[in-house]
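Written out below as structure tokens is the structure these notes cover.
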Amino acid sequence: MSGMDLQGKLRVVPDFPKPGISFKDITTLLKDGPAFRECIRLMAAQCRGREFDLVVSPEARGFILGGALAYELGVGFVPVRKRGKLPWKVIRGEYKLEYGMDTLEMHVDAVSRGQRVIVVDDVLATGGTISATLDLVEKVGGVISAVAFLIELTYLPGRENLRKYDVISVLKLES
Ligand code: AMP
């Protein structure tokens, strides 16, 4: 729990990026130093009960939270990126967007067999992006310790789609 109104620091933008989507803009929270730090403190507190060796996040907003969380927890950070950005040998996974497909990549040697991983992103919506990230980690033999989000949209089936995993979130939004 936090004494700070973190939810009040979000900017909710209706109909972005298209009609019907209520977009949770975290930039208004991130630019507030104490609020950003409190988010990371709360995520870290929930992670500390688990065993983990690494934090893995998909770009781009995942990097902001995942990087800070890895630093706070004192473990390494692994980036998962869009196609063509990583310079070394990659493992690749495709995932479904609302229209069409997209690709995520991770270096083949980024996670070792048996390493325990916390996967982090900003928002859990349907869980599609994070599932593709989880697949990459598991394909190279990593073990998912927890999946952590700053925001969980409880009106979408993200948690249900990730029911195999231990899901952590700091802010649960019902609308
Ligand atoms: P999903 O794969 O449906 O869980 O969502 C993919 C990504 O899109 C999430 O990691 C978020 O960064 C972003 N996203 C989806 N829905 C929203 C939303 N309503 N507000 C802000 N970001 C969102």
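The values are calculated or read from the model by the stated rules, or taken from the named source; none is laboratory data. For clarity, every value in this text was computed on a predicted model and none was experimentally measured. Neighbour counts run over all protein chains shown; Cβ positions are idealised from the backbone, glycine included. Accessible surface areas use protein heavy atoms only, side chains included; no ligands, DNA or RNA. Shrake-Rupley method; radii C 1.70, N 1.55, O 1.52, S 1.80 Å.
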Of everything in segment 122-175, what is polar (S, T, N, Q) and part of a helix (DSSP H, G or I)? Give them in sequence order. T129, S131, T133, N161
Considering only residues that are under 17 Å from G114 (Cα atoms), within 16 Å of the ligand (Cβ to nearest atom) and open to solvent by 10 Å² or more (accessible area, probe 1.4 Å), which ones fall in segment 125-143? D135
V80 vs (1) open to solvent by less than 70 Å² (accessible area, probe 1.4 Å); (2) more than 22 Å from I144 (Cα to Cα): all pass except (2)
From the list E98, E105, E72, E152, exactly one residue is modelled with pLDDT of 95 or more and within 15 Å of the ligand (Cβ to nearest atom). Which is it? E152
Got at least one residue in segment 39-53 being within 22 Å of G127 (Cα to Cα), surrounded by fewer than 18 Cβ atoms within 10 Å (Cβ to Cβ) and within 11 Å of the ligand (Cβ to nearest atom)? no
Here are some conditions: (1) touching a residue at least 24 places away in the same chain (Cβ under 8 Å); (2) among the acidic types (D, E); (3) farther than 13 Å from V119 by Cα. D53 meets all but one. Which one does it not meet? (3)
Could you tell me which of the residues S22, S112, S131 is in contact (Cβ under 8 Å) with a residue 12 or more places away in the chain and more than 20 Å from P157 (Cα to Cα)? S112
